[in-house]
1. Determine which single condition residue B:244 fails, assuming it passes every other condition in (1) surrounded by fewer than 21 Cβ atoms within 10 Å (Cβ to Cβ); (2) within 14 Å of chain A (Cβ to nearest Cβ).
2. So if I check each of B:267, B:199, which one is closer than 26 Å to residue B:41 by Cα, within 11 Å of chain A (Cβ to nearest Cβ) and either touching a helix residue (DSSP H, G or I) at 6+ places or on another chain (Cβ under 6 Å) or buried (at least 24 other Cβ atoms within 10 Å of the Cβ) (or both)?
3. Consider segment B:273-316. How many of its residues are loosely packed, with under 14 Cβ neighbours inside 10 Å and within 14 Å of chain A (Cβ to nearest Cβ)?
4. Within segment A:145-173, work out how many residues are closer than 17 Å to residue B:177 by Cα and part of a loop (DSSP other than H, G, I, E, B).
5. For segment A:200-207, does any single residue satisfy the condition of being at pLDDT 95 or above and within 13 Å of another protein chain (Cβ to nearest Cβ)?
6. Which one is farthest from the chain's Cα centre (by Cα), of the residues in segment A:41-73 that are at the interface with another protein chain (Cβ under 10 Å from one of its Cβ atoms) and over 21 Å from residue B:211 (Cβ atoms)?
7. When you go through (1) touching a residue at least 60 places away in the same chain (Cβ under 8 Å); (2) more than 28 Å from residue B:166 (Cβ to Cβ) one by one for residue B:43, which number turns out not to apply?
């Protein structure tokens, strides 16, 4: 992910690139001995890094049937062999999403072309649904992950095009239009967006009004810079932290073990 | 049951479970040799306007040799359950799709599907109805169960539901809102497997995606297999049989049938050719040139494999990653 917001940092100066920063930030959010619904790309790298750092028994679950893979090689597709490499079970999509629907999957990773203050995500269309300006791939598993996983983590590029007041299409439910809306709609109580990890910040959600809150800025990024790149009014936590930059250990494991063929980073 | 919300999307393939039962009753149960070529299978069982579905996923255990043959024969106005990468890209690239129940059509790590964009944004695909991944699989599951709908907790509260053909009702047991998905019965299902016998008993290694559900939701089912084995091989491990023969109409022997996608434990995907397609698909002219070279310009799957080349295929079997 090359990003204009980071263009004024030279990788040689800070020692890591924006993708590496996202991966390390996301990896730290995953606890050991829990379950995570993993998609391809950054979530997979983050899960692999977490397994090799602090969460050796993080159970990686892949949509088309892989449960508990040891992420030694990176899958290029959500159904490929590495999604069930040395796994404990290989089943199918109904089993996996039903497992989430029964409440067994703690974390879920999401992405999209747009996110709004309530964490609703759009990956369906830009513009009008019937005459789309851009037809995007569609929900895929996004809607299922956002409906059933206890806590979802969105990984986003941070600018005003991606962080918008209203998404053009609610593909995947965040907190919909505010407190209680998920439960009213029939979604399982106690589920919903947990964090948004971006190249500029780590964000959470206000306990009462369910709007997005700035919790931490990425290294070298100011609060104002985050605000300027967000297309809606952001709640600023009383005590905004600065994220720790990727450690030497994290970067070494990421480069030498997680993605040694440099497929993604 | 009180209907609280009805999605505004068209129900492209309305369920008729009694008709499906009648169909299944008449389906031959005799053990007959169903082996044939891709060309025979598509010509015999697929018609313009049919509603079709493929399994698993365009780069993974995908029936590419069958899909290529659909393109070669130009079977058109297809209505398609859209969960795919390369296979649906081929059909879209050849402008053979009229309506889509879509969940995801994209190129995964390579981004948005250029063919999907062109076909949908131009209106050549006349109808698009969105669902989630599990929703499509569960719609097959409902058909496999022989019931007209299945209650689930996906899609609730979203535009995905609003523009689909799902309904929200008040659950008669809990009083909570629940989403009902209509069963989806396919005219023709296409599945690529690791091995099958000549009757159609089919086994899959590794994850099974939604093969069990799609197979049971298909009126006509075309199986391609990496290898055709003796029925005794099937009987050694009957627990691996995901698709029993009586569901199957055609059995096509197709080594490297998922190419340029992968087949777990047998060969990895062909990154070089996938990238060639990703680049070609950006422009209608180069899309056509790719289709000319790899589909229209070769007479069958064997000729396609010859074009790709034995050396390259052997490399994929050895698991060599052709990545710069």
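1. The one condition residue B:244 does not meet is (2).
2. Values: B:199 fails: within 11 Å of chain A (Cβ to nearest Cβ).
Going through B:267, B:199 in turn, just one is closer than 26 Å to residue B:41 by Cα, within 11 Å of chain A (Cβ to nearest Cβ) and either touching a helix residue (DSSP H, G or I) at 6+ places or on another chain (Cβ under 6 Å) or buried (at least 24 other Cβ atoms within 10 Å of the Cβ) (or both): B:267.
3. So the answer is 0.
4. Looking only at that region, the number is 1.
5. no
6. We begin by selecting, within segment A:41-73, every residue at the interface with another protein chain (Cβ under 10 Å from one of its Cβ atoms); these are A:41, A:62-67, A:73.
With the extra rule that they be over 21 Å from residue B:211 (Cβ atoms), the set shrinks to A:41, A:73.
Numbers: A:41: 10, A:73: 20 Å.
Restricting to residues being at the interface with another protein chain (Cβ under 10 Å from one of its Cβ atoms) and over 21 Å from residue B:211 (Cβ atoms), the top hit is A:73.
7. (1)
The rows are residues; the columns are (1) crowded, with 21+ Cβ neighbours inside 10 Å; (2) within 23 Å of residue B:43 (Cα to Cα).
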site: B:81; (1), (2): yes, yes
site: B:86; (1), (2): yes, yes
site: B:99; (1), (2): no, yes
site: B:107; (1), (2): yes, no
site: B:110; (1), (2): no, no
site: B:115; (1), (2): yes, no
site: B:133; (1), (2): yes, no
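The values are calculated or read from the model by the stated rules, or taken from the named source; none is laboratory data. Just so it is clear, the structure is predicted and the values come from calculations on it, not from any experiment. Note that we place each Cβ from the backbone using ideal geometry, even for glycine, and neighbour counts take in every protein chain shown.
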